[in-house]
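Q: Have a look at this one.
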Amino acid sequence: MSVAVTVNGEQRELPAGATVASVIASLHNAPDGRGVAVAVEGEVVPRAQWPSTELRDGTTIEVVVAVQGG
Amino acid sequence: MNGQAPLTIAGRELSSRLILGTGGFTNHEVLASALEASGAELCTVALRRLDPAARGSILEVLDAAGVEVLPNTAGCYTARDAIITAQLAREAFETDWIKLEVIGDDRTLLPDAVELVAAAEALVDDGFTVLPYTTDDPILARRLEDVGCAAVMPLGSPIGSGMGIRNPYNISIVAERAKVPVILDAGVGTASDAALAIELGCDAVLCASAISRAHDPTAMARSIRLAVEAGWLARGAGRIPRRHYAEASTPDEGLPVFDTASQ
């Protein structure tokens, strides 16, 4: 069993039961603490809810970090 | 000591009246050097998708310099996108301060007034300290203040244009009427533009491209820092009125007479 999700525009197959926390942990370069934020289906998911937010098939996730700007 | 009174925005005191935008620096080392030379205590950052190939984080540079982060909503065209971006920034940086940008098109990068006010109102209601990038329209600035923005950030000219302050009359009217700090944002091309902004009554200047894209960003950062201080001192000192004709500073009294025939 697996779920197909879109992470920052890229399709990924994840094991069933994958959470926002497990996706972040799998990403290279993701900051451990401060400096990263996540939106699932256009809604911000607070850090405290990452471990409990399971991803369903077809979910779209955006993972953002600080860059130089403005 | 820099001769300036501290700037207070939403209860936070800043001793520097120059805010550094971090866009456009060629690398983090150049940014760190310019940041130190600028004396800025507040720096903007943007949010973008995590890049697995990126080397180092800008946050490390800013944290090492001990400056505060002011996240922006650059690249947002609608109130909805700007609101989500601000919420992501609050989550990522643990700050409720947001430099709100809602632009109308990618050629002018001018603010979309309708979307801007809608986003500002929603974010203020959501507990954010909102610093909106706006046009030099005094009425729009007032509307942003009315919905609870902590400052207003009128443009001198379009972002990255280096065209300076195209409508100094409007900027001075915005500054005269605002009860919140006015931060000149966008358009500064060189030091004299920053000095003029402060002389016109602005409380601070935000500068990115003029420094980051200068031939020598560190030297330009220092020059704009000094220009902001100079502008502040000049404004306090009080400029003389402009006149159409000359007014001699040397007295006529006691002028020797060499034309003996006339006596």
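Q: From the list A:Gly69, A:Gly33, A:Gly58, which residue is surrounded by 11 or more Cβ atoms within 10 Å (Cβ to Cβ) and small (Gly, Ala, Ser)?
A: A:Gly69
Q: Step by step: first the residues of segment B:147-182, then only those that are β-branched (Val, Ile, Thr) and in contact with a Lys or Arg (Cβ under 9 Å, 6 or more places away or on another chain), then the one that is nearest to the other protein chains (Cβ to nearest Cβ). Which residue is that?
A: B:Val152
Q: Determine the pairs where a residue that is outside any strand (DSSP E or B), located within segment B:5-25, has a partner that is acidic (Asp, Glu) with Cβ atoms under 9 Å apart, the partner being 6 or more residues away or on another chain.
A: Cβ pairs passing all conditions: B:Pro6/B:Glu13; B:Ser15/B:Glu41; B:Ser16/B:Glu41; B:Arg17/B:Asp203; B:Arg17/B:Glu229.
For (1) surrounded by 14 or more Cβ atoms within 10 Å (Cβ to Cβ); (2) at the interface with chain A (Cβ under 9 Å from one of its Cβ atoms); (3) over 17 Å from the mean Cα position of the chain (by Cα), each residue gets a yes or a no:
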position	(1), (2), (3)
B:Thr8	no, no, no
B:Leu18	yes, no, no
B:Thr22	yes, yes, no
B:Thr26	no, no, yes
B:Pro52	no, yes, yes
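Q: Can you go through B:Leu100, B:Leu70 and tell me which one is crowded, with 24+ Cβ neighbours inside 10 Å, touching a Lys or Arg at 6+ places or on another chain (Cβ under 6 Å), within 14 Å of chain A (Cβ to nearest Cβ) and within 24 Å of A:Glu62 (Cβ to Cβ)? Show your work before the answer.
A: Values: B:Leu100 fails: touching a Lys or Arg at 6+ places or on another chain (Cβ under 6 Å).
Step by step, each of B:Leu100, B:Leu70 is checked, and only B:Leu70 is crowded, with 24+ Cβ neighbours inside 10 Å, touching a Lys or Arg at 6+ places or on another chain (Cβ under 6 Å), within 14 Å of chain A (Cβ to nearest Cβ) and within 24 Å of A:Glu62 (Cβ to Cβ).
Q: Return the only residue of B:Asp106, B:Asp136, B:Asp112, B:Asp125 being more than 19 Å from B:Leu42 (Cβ to Cβ), of a type in the set (D, E, K, R) and touching a Phe, Trp or Tyr at 6+ places or on another chain (Cβ under 8 Å). It would help to see each step written out before you state the result.
A: Numbers: B:Asp106 fails: touching a Phe, Trp or Tyr at 6+ places or on another chain (Cβ under 8 Å); B:Asp136 fails: touching a Phe, Trp or Tyr at 6+ places or on another chain (Cβ under 8 Å); B:Asp125 fails: touching a Phe, Trp or Tyr at 6+ places or on another chain (Cβ under 8 Å).
On inspection, the qualifying residue turns out to be B:Asp112.
Q: For residues in segment B:73-83 being in a helix (DSSP H, G or I) and buried (at least 19 other Cβ atoms within 10 Å of the Cβ), which is nearest to the other protein chains (Cβ to nearest Cβ)? Give the derivation first.
A: First pass over segment B:73-83, keeping only residues in a helix (DSSP H, G or I): B:79-83.
With buried (at least 19 other Cβ atoms within 10 Å of the Cβ) added as a condition, the list becomes B:79, B:82-83.
Values: B:Ala79: 14, B:Ala82: 13, B:Ile83: 10 Å.
The qualifying residue nearest to the other protein chains (Cβ to nearest Cβ) is B:Ile83.
Q: Out of the residues in segment B:141-154 that are farther than 18 Å from B:Cys43 by Cα and touching a Leu at 6+ places or on another chain (Cβ under 8 Å), state the one that is surrounded by the fewest Cβ atoms within 10 Å (Cβ to Cβ).
A: B:Cys149
Q: Here is a follow-up. Report the residue count in segment B:32-50 for those that are within 7 Å of another protein chain (Cβ to nearest Cβ) and over 17 Å from the mean Cα position of the chain (by Cα).
A: Number of matching residues: 4.
Q: Moving on to the next point. Would you check which residues across segment B:101-155 are polar (S, T, N, Q) and more than 19 Å from B:Val188 (Cα to Cα) and list them?
A: B:Thr129
Q: Among the residues in segment B:230-240, are any under 20 Å from B:Thr22 (Cβ atoms) and either among the hydrophobic types (A, V, I, L, M, F, W, C) or modelled with pLDDT of 95 or more (or both)? Walk me through how you get there before you give the answer.
A: Keep residues of segment B:230-240 that are under 20 Å from B:Thr22 (Cβ atoms), which gives none.
No; the residues of segment B:230-240 include none that is under 20 Å from B:Thr22 (Cβ atoms) and either among the hydrophobic types (A, V, I, L, M, F, W, C) or modelled with pLDDT of 95 or more (or both).
The values are calculated or read from the model by the stated rules, or taken from the named source; none is laboratory data. Worth saying up front: this structure is predicted, and the values here are computed from it rather than measured. FYI the Cβ positions are ideal-geometry reconstructions off the backbone, even for glycines, and counts take in every protein chain you see.
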